[in-house]
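The values are calculated or read from the model by the stated rules, or taken from the named source; none is laboratory data. Keep in mind the model is a prediction, meaning the values are calculated, not measured. Note: ideal-geometry Cβ built from the backbone for every residue, glycine included; neighbour counts use all protein chains shown. Note: accessible area is taken over every heavy atom of the protein model, side chains too, but ligands, DNA and RNA are not part of it. Shrake-Rupley method; radii C 1.70, N 1.55, O 1.52, S 1.80 Å.
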Amino acid sequence: MLEQLLIFTRGGLILWTWKEFENALKGSPIDTLIRSCLLEERSGDLSYNYDAPAAAYTLKWTFNNDLGLIFVAVYQRILHLFYVDHLLATVKREFSQLYDPKKTVYYDFDDVYRQLQEEAEARAEELKKSSKLQFGGSRSTTFQCKKQGQAVIGRASDGGNQRSDGSGEDGGDKGSILSRKLQNGNSNGHQNGIESYATGDGNGKENRESEAGAFDVNKLQKKLRSKGGKKTDTTTNTNKPPKVDSNKKITKKNRVWGDAPEHPKLDFTDPADERGDDNFEVVAKDHGKSMMDKEETISSDDESEEEEVGEDNKSNAKKMGWFSSMFQSITGKANLEKADLEPALKGLKDRLMTKNVAEEIAEKLCESVAASLEGKKMGSFTRISSTVKTAMEEALVRILTPKRSIDILRDVHAAKEQGKPYVVVFVGVNGVGKSTNLAKVAYWLQQHKVNVMMAACDTFRSGAVEQLRTHARRLNIPIFEKGYEKDPAAVAKEAIQEAVRNGSDVVLVDTAGRMQDNEPLMRALSKLIYLNNPELVLFVGEALVGNDAVDQLSNFNQKLADLTTSPNAKLIDGILLTKFDTIDDKVGAALSMVYISGAPVMFVGCGQSYTDLKKLNVKSIIKTLLM
């Protein structure tokens, strides 16, 4: 049975609702559907599953885009109601005929709905009965086929035994092989082949061929050992490496190309000892103003673009003639159908994929735009391609615009008033630039008079602690480290305690790079986040990735949710896109990551210096995607 059926406008006004039981739904499935699907441009999906603390619901919906109405049905997931789609279609048809924009109460629709529900349930029962009859017939036919097959096998095995009794040893061997094949299936496995050859005649043709093609493994291993031993003996006697004096330190000299002047020193690591504590020298200086504080301007003059017109529209225009096409452009076309939208949507999907948007995301976006336009009436002097493009632009704005505040400075001051440090954990796959962009964020916070401390929790990769120590020395920022092969969660906890003692406002936690399918490292990351409960978990991802962005972010979130012991798992809160200066117009990774995770892009890395960090310009991204 349906739990609830709801009809409301796109503005949020509830027009009519029906409940099977008086008890309210557990949780808030309707609100979650609106936030997670309808506002996030996932309305092209067939259904949505909502998990409440004591119940699991499935939600299905349909639109009347011409009237701006949304129809939602909610039922228990375990029931598997097959008549919901048909019921929604009939309710949509009947209610659209009664709908009046000036009317807000529809009590007279209750009787109509009861009749529609009874018809839908009766239709579903008839379909079940017919499917059972068909299934029963198919079962009887398959049972008969099985009986016939067993009879054939019995006859074949009996025939083989009769031949073995009457035709000597050779016939007996063939009959035994045939019976094995019929009992065990096709004897193409290694063990079956060995058994069939073992039971055959030693003087037979098949055995002679197998013995001729066989070889002794032990003899082959002895030959290889003897050859290898001789080779090693000759090499050790003749080619002896020259002795190298261990006291002499070999250093590589810099190559000078032509008469070019010498470049400034780029190696800022400590040349002293392993930890560099003895010769620690502060070389902090002003690297300039961070790009985070600079407003990016976009020219308001839109480039003239030729609008694409589908081949079907061209052919229809030729058939209709000049007067009919002119009349249609003035009066506007009737309600849009899916066939009208397909050519324009296909071109738009291809364009998004050329901009490095993941194929799955591009397809879902086009399905969502089609669902929002189907049945809608076009205005005068408008083309289908321009209508689809406008709808896609509105959808991209809704997706890329953050749903919550991403002002880190305000959150830092709020945490400071509570007397605790603001903890940021940087996570991501290998080689995306976590440590470098952590230093960029630290420099930006430092410019805003925020006391920052770094925590070297990458205890897995060689050189990770030294790399972060170099950044800390250049920026004159304290760093907390414990070396390698330590528990990252314990190191982060001690770093936060140290920040409380020293009065640091922000702790930036660097973690080891890990692939999303590496369960031991993902378990360690989940433990670090669970024990320290950071205020912000930043996923650092490359702007170069395409389809892999979906896999990385979805698996990171899934692993963090599955491997934690807390009922309320801490997932990814924001995204930091790196290497944005290397992609030209292939900006689709930003869209793919935001769509799949729902987390906003908070920082964009666009260079190798500390100032090369900026905000994501939503208008610029959308303009580039749709060019």
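Structure values in brief
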read-out	value
Flag if MET454 is buried (at least 18 other Cβ atoms within 10 Å of the Cβ) and at pLDDT 90 or above	yes
Conditions (1) surrounded by fewer than 22 Cβ atoms within 10 Å (Cβ to Cβ); (2) not assigned by the TED database to the domain that holds ASN617: number failed by MET392	(1)
For THR578: the one exception among (1) open to solvent by 30 Å² or more (accessible area, probe 1.4 Å); (2) hydroxyl-bearing (Ser, Thr, Tyr); (3) closer than 17 Å to GLY431 by Cα	(1)
Those strands (runs of 3 or more DSSP E) lying entirely in the range 527-627 with at least 2 residues in the same structural domain as ALA489 (by the TED database) and more than 18 Å from the chain's Cα centre (by Cα)	601-605
Residues of the range 470-497 that turn out to be outside any helix (DSSP H, G or I), under 20 Å from LEU521 (Cα atoms) and open to solvent by 50 Å² or more (accessible area, probe 1.4 Å), as a count	5
Residues within the range 1-34 that are touching a residue at least 24 places away in the same chain (Cβ under 8 Å), open to solvent by 40 Å² or more (accessible area, probe 1.4 Å) and under 30 Å from ILE596 (Cβ atoms), tallied	4
Neighbours by Cβ (under 9 Å, 6+ apart or cross-chain): first from the range 46-58, of a type in the set (Gly, Ala, Ser); second part of a loop (DSSP other than H, G, I, E, B) and surrounded by fewer than 14 Cβ atoms within 10 Å (Cβ to Cβ)	ALA52/SER28
Selection within the range 48-67 - among the small types (Gly, Ala, Ser) and either within 17 Å of THR17 (Cα to Cα) or open to solvent by 50 Å² or more (accessible area, probe 1.4 Å) (or both)	ALA54
Among residues of the range 583-608, those that are within 22 Å of THR436 (Cβ to Cβ), hydrophobic (A, V, I, L, M, F, W, C) and open to solvent by 20 Å² or more (accessible area, probe 1.4 Å), counted	1
Unmet criterion (only one of (1) surrounded by fewer than 11 Cβ atoms within 10 Å (Cβ to Cβ); (2) without any contact (Cβ under 8 Å) to a residue 12 or more places away in the chain) for ILE78	(2)
Filter result for ILE583 (at pLDDT below 90 and of a type in the set (Val, Ile, Thr))	yes
Selection status of THR564, open to solvent by less than 10 Å² (accessible area, probe 1.4 Å) and touching a residue at least 24 places away in the same chain (Cβ under 8 Å)	no
Residues located in the range 419-469, provided they are closer than 21 Å to LEU409 by Cβ and part of a helix (DSSP H, G or I)	ASN437, LEU438, ALA439, LYS440, VAL441, ALA442, TYR443, TRP444, LEU445, GLN446, GLN447
Output for the range 518-537, where each listed residue is open to solvent by 30 Å² or more (accessible area, probe 1.4 Å) and closer than 19 Å to VAL601 by Cβ	GLU535
The range 402-411, residues that are modelled with pLDDT under 90 and open to solvent by less than 60 Å² (accessible area, probe 1.4 Å)	PRO402, SER405
Cβ-Cβ under 6 Å pairs, at least 6 apart or on other chains, the range 366-385 side open to solvent by 80 Å² or more (accessible area, probe 1.4 Å), far side part of a helix (DSSP H, G or I)	GLU374/LYS338; PHE381/SER329
Search result, residues across the range 370-391 that are closer than 15 Å to ALA339 by Cβ and of a type outside the set (Asp, Glu)	ALA370, ALA371, LEU373, GLY375, LYS376, MET378, ILE384, SER385, THR387, VAL388
Of the criteria (1) modelled with pLDDT of 90 or more; (2) open to solvent by 30 Å² or more (accessible area, probe 1.4 Å); (3) not hydroxyl-bearing (Ser, Thr, Tyr), which one ILE70 fails	(2)
Selection from the range 538-551 of residues that are modelled with pLDDT of 85 or more and surrounded by 23 or more Cβ atoms within 10 Å (Cβ to Cβ)	LEU538, PHE539, VAL540, GLY541, ALA543
Residue among VAL509, VAL500 that alone is in the same structural domain as ILE477 (by the TED database), open to solvent by less than 10 Å² (accessible area, probe 1.4 Å) and of a type outside the set (D, E, K, R)	VAL509
